[in-house]
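Written below as structure tokens is the structure these notes are about.
The values are calculated or read from the model by the stated rules, or taken from the named source; none is laboratory data. Quantities reported herein were computed from a predicted structural model and do not represent experimental measurements. As a convention, Cβ positions derive from the backbone with ideal geometry for all residues, glycine included, and neighbour counts pool all protein chains shown.
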Amino acid sequence: MRKKFVATLLAVAIASTSGCAQLGINKEQAGTLIGSLAGAAIGATMGKGSGQVAAALIAAGIGGYLGNRIGHMLDEQDQQALALRTQEVLSQPATASTQTWKSGHSGATASISQGQEYTKTQTVAVKRAPKIQAVPSMKLINEAYVTKSSLNVRAAPNVKADKVGGLPSSTEFTAVGSTGDWILVGRKGVTVGYVHKDYVQPKSLAVAKRAAPAVNLDDMDVAASKETQAFDLDSIQSLPTEQIAAETACRPVTVSLKSASGQTEQEQNTFCKQTNGTWELI
């Protein structure tokens, strides 16, 4: 099914080029369209659950931005590949080192550099389960975390707050953000409670300690257990959404391209991390 979906997107992207000239769209403008569609196709093949959605959005957004500036220098296949490589770089910790990319068929090359990361406060929309208390502000994380032990999930970032459920040891979940010493637990893009930071850790750290997660909260049959029934989003008719102030990470990115014909192009943009894990061009 996934292969058919990807093939369909790519087919639409490729077919779009044949009609662009008739519609008065030039190749550079077509590059934006193709980059976005093909980027979404690439993203759809990555990860699963909410991770798959995030990957598709990241790839689609970056594909569009690359296509707009360098669509006249790269064919569709190279646009896809460079968009994916840029997404991979942004998914890594910000470093001063330059990452490289080379086309697998045309000979085009590029270097991708991330500048110093900084924080920016912006207003974002956050969905939550009805029983979960909203917070006025938070620091965005949107990364995979793992529970160190079985623990309680609470309705508010307070040890005296009502318990809404529990998570077994070695459960992987998306940490939406943090407020003080508390982590917002996300399931399929919705905040379902809070856990104390002392009982969880980033997945990357858990894997480094050879403590691989046993199950992902997004994939759990939460309705099957009293401890996790409160996380069953299918049983909730409406999900409140708040606009809150969020401290997020932003990174300047420079892409220096050299096409197969020797043409060069450099573009500098800044991306900020969003609540769904995507890096949005600002």
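For Gly193, the conditions (1) surrounded by 22 or more Cβ atoms within 10 Å (Cβ to Cβ); (2) at negative phi are fulfilled apart from (2). Of the strands (runs of 3 or more DSSP E) lying entirely inside region 171-275, those containing at least 1 residues that are out of contact with any helix residue (DSSP H, G or I) (no Cβ under 9 Å at 6 or more places or on another chain) and hydroxyl-bearing (Ser, Thr, Tyr) span 171-179, 190-196, 241-258, 264-273. Are any residues in region 247-281 within 16 Å of the chain's Cα centre (by Cα) and among the hydrophobic types (A, V, I, L, M, F, W, C), and if so, which ones? Across region 247-281, the qualifying residues are Ala249, Cys250, Phe271, Cys272, Trp279, Leu281. Mind checking whether some residue in region 145-166 is closer than 21 Å to Glu247 by Cα and β-branched (Val, Ile, Thr)? Checked region 145-166: no residue is closer than 21 Å to Glu247 by Cα and β-branched (Val, Ile, Thr).
For region 196-214, residues that are surrounded by 15 or more Cβ atoms within 10 Å (Cβ to Cβ) and of a type outside the set (D, E, K, R) total 7. Would you confirm whether any residue within region 150-157 is surrounded by 14 or more Cβ atoms within 10 Å (Cβ to Cβ), assigned by TED's automatic domain parsing to the domain that holds Thr191 and within 18 Å of the chain's Cα centre (by Cα)? No, the conditions are met nowhere in region 150-157.
Outside the structural domain of Ser204 (by TED's automatic domain parsing), among the basic types (Lys, Arg) and either without any contact (Cβ under 8 Å) to a residue 40 or more places away in the chain or surrounded by fewer than 16 Cβ atoms within 10 Å (Cβ to Cβ) (or both): which single residue out of Lys102, Lys160, Lys139 fits that description? Steps first, answer last, please.
Details: Lys160 fails: outside the structural domain of Ser204 (by TED's automatic domain parsing); Lys139 fails: outside the structural domain of Ser204 (by TED's automatic domain parsing).
Residue meeting the stated conditions: Lys102.
Would you confirm whether or not region 213-228 contains a residue that is among the β-branched types (Val, Ile, Thr), over 29 Å from Pro93 (Cα atoms) and either in contact with a Gly (Cβ under 7 Å, 6 or more places away or on another chain) or at pLDDT 95 or above (or both)? Yes - at least one qualifying residue is present in region 213-228.
In region 146-163, how many residues are under 14 Å from Pro213 (Cβ atoms), in a loop (DSSP other than H, G, I, E, B) and β-branched (Val, Ile, Thr)? Residues in region 146-163 being under 14 Å from Pro213 (Cβ atoms), in a loop (DSSP other than H, G, I, E, B) and β-branched (Val, Ile, Thr): 0 in total.
The set of residues in region 115-152 being closer than 19 Å to Arg187 by Cβ and acidic (Asp, Glu) consists of Glu143 alone.
Given the criteria hydrophobic (A, V, I, L, M, F, W, C) and over 17 Å from Val200 (Cβ atoms), does Val164 qualify? Before you say what the answer is, go through the steps one by one.
Numbers: hydrophobic (A, V, I, L, M, F, W, C): yes; over 17 Å from Val200 (Cβ atoms): no.
It is false that Val164 is hydrophobic (A, V, I, L, M, F, W, C) and over 17 Å from Val200 (Cβ atoms).
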